[in-house]
Amino acid sequence: MPVKGNNITHKYCLGLCLLTLLLLAGCLGQAPEKPADPPDQAAQAEAAARDFFDALHQGDYQNAVEIYGGSYDVLTGMNPDFDPEDRSGLLAQGCEFNGLVCMRMGDVLSTERTGEGEYTFTVQFLREDGEVFVLGPCCGEDETSMPPVSEFQVRAARDGSKEFKALDLPPYVP
């Protein structure tokens, strides 16, 4: 004949096992979370992007080179007779002659962590008068076939030295 105390212990153990199984079942379908970057990293990445566009806007191309970690291929393609090693010169060509609109970065509308130490920001750029820059239709298109754009994606990521660098050039207007 079962002892009364053992019956209570058996029910308690059964309930505890059932609770443990339910907790484990809830965890099985979930992917492990990526470790989060320290909270200040998004701010550091944004600051690098903002500093890059400010340097371009001010014509401080040498400083812009130090903050830029993206490709120069577009600029070397636009300037085939220009020394590809003269990166500050290529940025100057882009801003002053090739149609890059080198404006200050305005509001950051959204921030997305797109990889380990990499962020994509949706931003607005500001014209000289402080108004938001709007890239309108070009090349024979109209607003229906090529709607105006006032939000642009800008990326920044840590390089090998763990410094954040801007990865994207300013908007281009042909």
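Since every read-out is calculated from the coordinates, none of them should be taken as a lab result. Just so it is clear, the structure is predicted and the values come from calculations on it, not from any experiment. Note that we place each Cβ from the backbone using ideal geometry, even for glycine, and neighbour counts take in every protein chain shown.
Structural remarks
- Flag for residue 94 being free of Cβ contacts under 8 Å to residues at least 40 places away in the same chain, over 11 Å from the mean Cα position of the chain (by Cα) and on the phi < 0 side of the Ramachandran plot: no
- Residue count for region 157-174 under the criterion of being under 16 Å from residue 125 (Cα atoms) and of a type in the set (Gly, Ala, Ser): the result is 1.
- Where a residue in region 61-80 is in contact (Cβ under 8 Å) with a residue 40 or more places away in the chain and its partner, wherever it lies, is surrounded by fewer than 16 Cβ atoms within 10 Å (Cβ to Cβ), with Cβ under 7 Å and at least six apart: 69/159
- Region 80-136, residues that are among the basic types (Lys, Arg) and under 16 Å from residue 58 (Cβ atoms): 104, 127
- Members of region 57-100 found to be among the β-branched types (Val, Ile, Thr) and in contact with a Lys or Arg (Cβ under 9 Å, 6 or more places away or on another chain), listed by number: 65, 67
- When 75, 90 are checked against the criterion of being of a type outside the set (D, E, K, R) and touching a Pro at 6+ places or on another chain (Cβ under 8 Å), a single residue qualifies: 90.
- Residue satisfying all of: in region 141-172; over 11 Å from the mean Cα position of the chain (by Cα) and small (Gly, Ala, Ser); nearest to residue 104 (Cα to Cα) among these: 150
- Verdict on residue 150 being more than 20 Å from residue 173 (Cβ to Cβ), small (Gly, Ala, Ser) and in contact (Cβ under 8 Å) with a residue 24 or more places away in the chain: no
- Residue match in region 132-145 (condition: among the hydrophobic types (A, V, I, L, M, F, W, C), without any contact (Cβ under 8 Å) to a residue 12 or more places away in the chain and over 25 Å from residue 43 (Cα atoms)): no
- Restricting attention to region 117-131, the residues that are free of Cβ contacts under 8 Å to residues at least 40 places away in the same chain and at negative phi add up to 8.
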